[in-house]
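Peer 1: Here it is: the structure, laid out below.
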Amino acid sequence: MDADTARFKALLKKNRYFATKARVELFELLQNRNAIRIKDLLTLQRHQDQASVYRNIKVFEELGIINRLQLGWHSKLELSDTFQHHHHHLTCLKCGLVISLPEDPILEKQIGVLTRKNSFKATDHQLEIRGLCTTCR
Ligand SMILES: [Zn+2]
Ligand SMILES: [Zn+2]
């Protein structure tokens, strides 16, 4: 078990959820992977009961384990900053491609400046840049 999986299990326990085999498997599927559509996640979890996969996704969202990226009509899921490096996305509105951008210290600093200017205490942020990829353009 890696350190993130251990932290994941501790987070579930703290919130009175059992670290069931199905939940650990779902978490590990999301590790080291780009944002994924729920439909594709269900395909990967074919052997699991679909309703319980949906329930576990809901639990993960409530506990801030995953983020939902809105892509026009559908959405994709990925692990939150708690379990992977903070980053932003370029998303293609036509084919749904999601490119994860490398961390940009200047951008992050600027977001901090804007937040403080408004006397706001930020807990987290997301930044989606939508458009068309090279294939769809
Ligand atoms: Zn595209
Ligand atoms: Zn950021």
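Peer 1: What number of residues within the stretch 110-137 are within 16 Å of ligand 1 (Cβ to nearest atom) and of a type in the set (S, T, N, Q)? First the steps, then the outcome.
Peer 2: Applying the first criterion (within 16 Å of ligand 1 (Cβ to nearest atom)) to the stretch 110-137 yields 128-137.
Adding the requirement that they be of a type in the set (S, T, N, Q) leaves 134-135.
Looking only at that region, the number is 2.
Peer 1: Moving on. Test Phe60 against the stated conditions and say whether it is under 23 Å from Leu12 (Cα atoms), of a type outside the set (A, V, I, L, M) and more than 15 Å from ligand 1 (Cβ to nearest atom). Full working, then the answer.
Peer 2: Working: under 23 Å from Leu12 (Cα atoms): yes; of a type outside the set (A, V, I, L, M): yes; more than 15 Å from ligand 1 (Cβ to nearest atom): yes.
Yes.
Peer 1: Determine which member of the set Phe27, Phe18, Phe83, Phe60 is of a type outside the set (Gly, Ala, Ser) and in contact (Cβ under 8 Å) with a residue 60 or more places away in the chain.
Peer 2: Result: Phe83 is the single residue among Phe27, Phe18, Phe83, Phe60 that is of a type outside the set (Gly, Ala, Ser) and in contact (Cβ under 8 Å) with a residue 60 or more places away in the chain.
Yes/no matrix, rows are residues, columns are (1) surrounded by fewer than 16 Cβ atoms within 10 Å (Cβ to Cβ); (2) within 30 Å of Ile106 (Cβ to Cβ); (3) hydrophobic (A, V, I, L, M, F, W, C); (4) touching a Gly at 6+ places or on another chain (Cβ under 8 Å):
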| position | (1), (2), (3), (4) |
| --- | --- |
| Arg7 | yes, yes, no, no |
| Thr20 | yes, no, no, no |
| Arg23 | no, no, no, no |
| Gln31 | yes, yes, no, no |
| Ser52 | yes, no, no, no |
| Ile57 | no, no, yes, no |
| Lys76 | no, yes, no, yes |
| Asp81 | yes, yes, no, no |
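Yes/no per residue for (1) in contact (Cβ under 8 Å) with a residue 60 or more places away in the chain; (2) under 20 Å from Gln70 (Cα atoms); (3) surrounded by 10 or more Cβ atoms within 10 Å (Cβ to Cβ):
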{"site": "Leu101", "(1), (2), (3)": "no, yes, yes"}
{"site": "Asp104", "(1), (2), (3)": "no, no, yes"}
{"site": "Arg116", "(1), (2), (3)": "no, no, yes"}
{"site": "Ile129", "(1), (2), (3)": "no, yes, yes"}
{"site": "Thr134", "(1), (2), (3)": "no, no, no"}
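Peer 1: Let me ask something additional. Could you please find all residues in the stretch 116-135 being closer than 18 Å to Val98 by Cβ and hydroxyl-bearing (Ser, Thr, Tyr)?
Peer 2: Passing the criteria: Thr134, Thr135.
Peer 1: Among the numbered conditions (1) over 21 Å from Arg7 (Cβ atoms); (2) surrounded by fewer than 12 Cβ atoms within 10 Å (Cβ to Cβ); (3) not small (Gly, Ala, Ser), tell me where Asp124 comes up short.
Peer 2: Every condition holds for Asp124 apart from (1).
Peer 1: Report the residue count in the stretch 83-99 for those that are crowded, with 17+ Cβ neighbours inside 10 Å and within 16 Å of ligand 2 (Cβ to nearest atom).
Peer 2: So the count comes out to 5.
Peer 1: Given the stretch 64-108, what strands (runs of 3 or more DSSP E) lie entirely inside it while holding 3 or more residues that are within 15 Å of the chain's Cα centre (by Cα) and over 16 Å from Cys133 (Cβ atoms)?
Peer 2: 66-71, 74-79
Peer 1: Whether any residue in the stretch 123-133 is within 15 Å of the chain's Cα centre (by Cα), more than 15 Å from ligand 2 (Cβ to nearest atom) and modelled with pLDDT of 90 or more is what I want to check.
Peer 2: Taking the stretch 123-133 and keeping what is within 15 Å of the chain's Cα centre (by Cα), we get 124-128.
Narrowing further to those that are more than 15 Å from ligand 2 (Cβ to nearest atom): none.
So far as the stretch 123-133 goes, no, none of its residues is within 15 Å of the chain's Cα centre (by Cα), more than 15 Å from ligand 2 (Cβ to nearest atom) and modelled with pLDDT of 90 or more.
The values are calculated or read from the model by the stated rules, or taken from the named source; none is laboratory data. This structure is a prediction, so every number in the text was calculated from the model and none was measured. We place every Cβ from the backbone using ideal geometry, glycine too, and count neighbours over all the protein chains shown.
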